[in-house]
Amino acid sequence: MIRQYIAYLSNLRITLSVLINYKTMMFNDLNVRVSPKALIGKNVRIGDNTVIFDNVVIGDNATIAHNCVIGEPLNEYYSNPDYENPSTLIGANSLIRSHAIIYAGNKLGENVTTGHRVTLRENNTIGNNTLIGSLSDIQGEVTIGHYCRIYSNVHISQFSTVGNFVFLYPYVVITNDPYPPSNDLNGGTISDYTLVGVHGIIFSGTRVGRNCLIGANSVVTKDFPDHSLIIGNPAKLVMDIRKYVVIGKGSLYPWMNRFSRGMPWENTGFEVWNQRQH
Amino acid sequence: MIRQYIAYLSNLRITLSVLINYKTMMFNDLNVRVSPKALIGKNVRIGDNTVIFDNVVIGDNATIAHNCVIGEPLNEYYSNPDYENPSTLIGANSLIRSHAIIYAGNKLGENVTTGHRVTLRENNTIGNNTLIGSLSDIQGEVTIGHYCRIYSNVHISQFSTVGNFVFLYPYVVITNDPYPPSNDLNGGTISDYTLVGVHGIIFSGTRVGRNCLIGANSVVTKDFPDHSLIIGNPAKLVMDIRKYVVIGKGSLYPWMNRFSRGMPWENTGFEVWNQRQH
Amino acid sequence: MIRQYIAYLSNLRITLSVLINYKTMMFNDLNVRVSPKALIGKNVRIGDNTVIFDNVVIGDNATIAHNCVIGEPLNEYYSNPDYENPSTLIGANSLIRSHAIIYAGNKLGENVTTGHRVTLRENNTIGNNTLIGSLSDIQGEVTIGHYCRIYSNVHISQFSTVGNFVFLYPYVVITNDPYPPSNDLNGGTISDYTLVGVHGIIFSGTRVGRNCLIGANSVVTKDFPDHSLIIGNPAKLVMDIRKYVVIGKGSLYPWMNRFSRGMPWENTGFEVWNQRQH
């Protein structure tokens, strides 16, 4: 009897679901929990099974997909009964794809997009129009600029700094311990317009200049100036990237002269846009 | 009072669960949502909290474990009110382990097995008897053949092609941008029977022949012919793999002569099986 | 009408949630399922949506965060109707962060901490006070000692052995197939106090001694003695690590003389503590 009753409830649930929402099944308000201390903007969509903790602010027109945790409480939560969750900001028009874990204290700009299953530990600052790829793990206290493309499975250690228009390809790691294990944690710095190839490693405390290209699988153990083409383990300066010419393609770098998809110079070209900034 | 009532409901729920299903707890039809536009085969098991979206077809005897999303709507879903989900196929006898995100438009063959937390973006084609390991991230528009072993955390970029009987070990990456960032996206190609070691990188547009072995941490920046042993950054042809002899073990490659677990030549040996194919 | 009723229920749910638990939202006993065959210690907290399967034992004061699966049934479960789940142990005072998948047969010591989304396949043994980082994938039948720091996204193949006080940095892989693909699976061994840098690879069957430092991106293809500084692909012995002197910092290794955070010699210093062990 009990089994039948459960089966009946189960069918009823599916039936109701069908009646209410016969085509789209993504935002059904199922198991959504929103803290009364959260501030949700206009036209925000929140996916099923998503939890929004205390002191989260979500800007207008943002989409938080299903199974996300926004404002995950910090470690102190587990032991301090007077714990108060720091504020968390998800900017307007952002899209947080499913299964994200975003800790309290993060500040995401407008138009930020994430892949699936990103983990953002506490107190990162992420600029406008930046993409954070699936499975990326940003360890906290990290600053990332505007219009960056952080691809899948990038790992950025605490206290690191990433400029604007930076591309980090899959499995790039920025480390923060100069003499492991130590207490002298100090992130790496990647400057504007620089690209780091797949599996590239940036050592703690190093600074890579603007407009650099770091080859796949390179290990950057020291500073490099602007416009460097950097390859190897340990990585070496191969040439000024502006001298890198591909037959039939000409000079490919700086890349901003030939690539504009999703960039603020998409309509004007880089040169015009760049002059307007100054 | 309210607190007590909730506690009562909570206990009641556990009690019912015990009565109904005192031993196994994996398929309880809890929070399962199946689109009325999905087609579910015979003897299909669907785990708790799993969602099956519109136009998904699941073959007979398949198991979709708990917390999966099958037929995840494409990006267009978020903005187009007339959005119609492309069809998705999970072949008969497949086992999709928990926490998978499989986008609409994927076509998985029969007997496909996945690890946990795989992400399959849209429109991949995956052959029969292929394994996709935990945390792997197949970026969409990718073709993978039959009987492949894609281990954990492999990242395959859009438009790449993987043959049959290919082994990709953990953290292998196939890239698709020849001059990053560009709009000339073009995946890599790995031919039948080839093995790529841990952390190996295959560059956009390159083609690795059949029966090759690519060493761990290698960076493949150009094409290689069949039977190559390939090592280094940039990867170089070390020798014809058929000449690679290990003392006491003899000639180990082609591997098909000595390894058959899970392969179609398991009972006949490779040579007999292979002749029958022609 | 139905739509209104659902909306009403939905509001009611949120309202109740607010009344009961107006500040903290982490342990609400929502969708928690605990097998009646599990043994839960005193003061254990179990997060929402977490499932505890048969024959799991959780020690006192442990915290299992939300969306975890503890005691995930082995493959045999899918086909054997008489399947009995092996016992699983989570030690006292452990903290399992959210979205963990811990298979049946794991034995975790006391004070074990995990990051998010760890995957522990069956029958690993993990010592006391060890940390397993986010997204790490321990493939089963692995032994890890006490006080280890396994950082994010480490992949350890079956049958591998990790000593005590070992640090494995992100994306380290220990492999287990000497001639892939083969049936001669045999893990690697890392001895006490050894550190493996980011993206390091330890080959199947190799043994790295005590007190070694393996550089980032190195590929360890053979055994190394105690106190080795090991770098490169294939990795080579660069020097006795005790001779490695950094100007202004002096001799940094063995690291135990200068680093004690979270270690059992935190109050006494390593030398005193170490003598007491003998």
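The values are calculated or read from the model by the stated rules, or taken from the named source; none is laboratory data. Because the structure is a prediction, the values reported are computed rather than measured. Cβ sites come from the backbone with ideal geometry, for glycine too, and all protein chains shown count toward neighbours. Surface areas here come from the heavy atoms of the whole protein model, side chains and all, with no ligands, DNA or RNA. Shrake-Rupley method; radii C 1.70, N 1.55, O 1.52, S 1.80 Å.
Using only Cα atoms, find the angle between the long axis of helix C:2-20 and the longest principal axis of chain C, and express it within 0 to 90 degrees, rounded to the nearest 10. So the inclination is approximately 60 degrees.
Computed from point charges on the beta carbon alone (+1 for Lys and Arg, -1 for Asp and Glu), the dipole magnitude for the range A:200-278 about its Cα centre is near 80 Debye. Shielding by partners for peptide B:172-182, expressed as the average number of C-beta atoms from other protein chains within 10 Å of each residue's C-beta, is 6. If R0 equals 35 Å, the separation of the Cβ atoms of B:Tyr78 and A:Tyr78 corresponds to a calculated FRET efficiency of about 0.50. For the chain pair C and B, the interface hides roughly 4300 square angstrom of accessible area in total, found with a 1.4 Å probe. When the other protein chains are added to the chain by itself, burial of at least 20 square angstrom of heavy-atom accessible area (probe 1.4 Å, ligands and nucleic acids ignored) affects these residues of the range B:91-122: B:Leu95, B:Arg97, B:His99, B:Ile101, B:Tyr103, B:His116, B:Arg117, B:Thr119, B:Arg121. With a Förster radius of 51 Å applied to the beta-carbon distance between A:Asn61 and B:Ile247, the computed FRET efficiency rounds to 0.15.
Ligands, DNA and RNA are left out, and with a 1.4 angstrom probe the accessible area of the protein assembly as shown is 39 Å² per residue. Considering only alpha-carbon pairs that sit under 8 angstrom and 6 or more positions apart, the relative contact order computed for chain B is 7 percent. Using the Karplus relation 6.51 cos²θ - 1.76 cosθ + 1.60 with θ = phi - 60°, the per-residue 3J(HN,Hα) values for the range A:50-63 come to 8, 10, 10, 7, 4, 6, 8, 10, 10, x, 4, 6, 7, 10 Hz, with x marking Gly and Pro. Among the listed pairs C:Lys222/C:Lys249; C:Lys107/C:Lys222; B:Lys249/C:Lys222; A:Lys222/C:Lys236, those with a Cα-Cα distance over 20 Å are C:Lys222/C:Lys249; C:Lys107/C:Lys222; A:Lys222/C:Lys236. When the Cα gyration tensor is reduced to axis lengths a ≥ b ≥ c, the ratio a/c stays below 1.5 for the protein assembly as shown, which is therefore classed as rounded.
Among A:99-106, C:48-55, the peptide with the highest mean count of other Cβ atoms within 10 Å heads the list, and the full ranking is A:99-106, C:48-55. Extending 7 Å from the Cα toward the beta-carbon at both B:Asn274 and C:His278 defines two label points whose distance is 5.8 nm. Indicate the residues belonging to the range C:194-237 that lose 30 Å² or more of solvent-accessible heavy-atom surface (probe 1.4 Å) upon moving from the chain alone to the assembly of all protein chains, ignoring ligands and nucleic acids. When all protein chains are present, C:Val198, C:His199, C:Ile201, C:Ala216, C:Asn217, C:Asn233 each give up 30 Å² or more of accessible surface.
For the range B:232-266 and the range C:216-278, write down the distance between their C-alpha centroids in whole Å. Measuring centre to centre over Cα atoms gives 37 Å.
3J(HN,Hα) couplings calculated from phi for the range B:83-91 with the Karplus curve 6.51 cos²θ - 1.76 cosθ + 1.60 (θ = phi - 60°) are, in sequence order, 3, 10, 5, x, 6, 10, 10, 10, x Hz; Gly and Pro show x.
In summary, the convex hull built on the alpha carbon positions of the range B:191-272 has an orientation-averaged projected area of 6.0 nm².
Relative contact order of the range A:35-109: 31 percent, from C-alpha pairs under 8 Å at least 6 residues apart in sequence. Residues whose amide H falls under 5 Å from that of B:Gly232, counting only those 5 or more places apart or on a different chain, are B:Gly215, B:Ser218, B:Val219, with hydrogens built in the peptide plane. Entry note, the protein assembly as shown: the mean residue ellipticity at 222 nm calculated from DSSP H runs of n ≥ 4, each adding -39500 (n - 2.57), is -3000 deg cm²/dmol after division by the residues and rounding to the nearest 500. Computed about the Cα centre, the dipole magnitude for chain B is approximately 1000 debye when only Lys and Arg (+1) and Asp and Glu (-1) carry charge, each at its Cβ. Positive contributions from Lys and Arg (+1) and negative ones from Asp and Glu (-1), summed over other residues with Cβ under 12 Å from the Cβ of A:Asn75, come out at -1. If only the Cβ of Lys and Arg carry +1 and only the Cβ of Asp and Glu carry -1, the dipole of the protein assembly as shown around its Cα centre is close to 360 debye. Peptide A:30-37 is shielded by partner chain Cβ atoms: per residue, an average of 6 of them sit within 10 Å of its Cβ. Partner shielding of A:185-193 amounts to 0, given as the average count of beta-carbon atoms from other chains within 10 Å of each residue beta-carbon. What a 1.4 Å probe finds exposed on the protein assembly as shown is 52% carbon and sulfur by accessible area, rounded to a whole percent. A simple rule links phi to the HN-Hα coupling: the Karplus curve 6.51 cos²θ - 1.76 cosθ + 1.60 with θ = phi - 60°, which for the range A:144-159 gives 10, x, 8, 6, 8, 10, 9, 7, 4, 6, 7, 10, 10, 6, 3, 6 Hz, with x for Gly and Pro. As an exercise, find the ratio Rg/Rh for the range A:62-180 from alpha-carbon atoms, using the Kirkwood inverse-distance average for Rh. Reported Rg/Rh (Cα atoms, Kirkwood Rh): 0.97. Springs join every pair of Cα atoms under 10 Å in this Gaussian network model of chain C, and among C:Gly200, C:Gly232, C:Gly115 the largest mean-square fluctuation is at C:Gly232. Relative contact order of the range B:100-192, please, whole-number percent, based on alpha carbon pairs below 8 angstrom and at least 6 residues apart. Taking the mean separation of contacting Cα pairs over the length of the range B:100-192, I get 20 percent.
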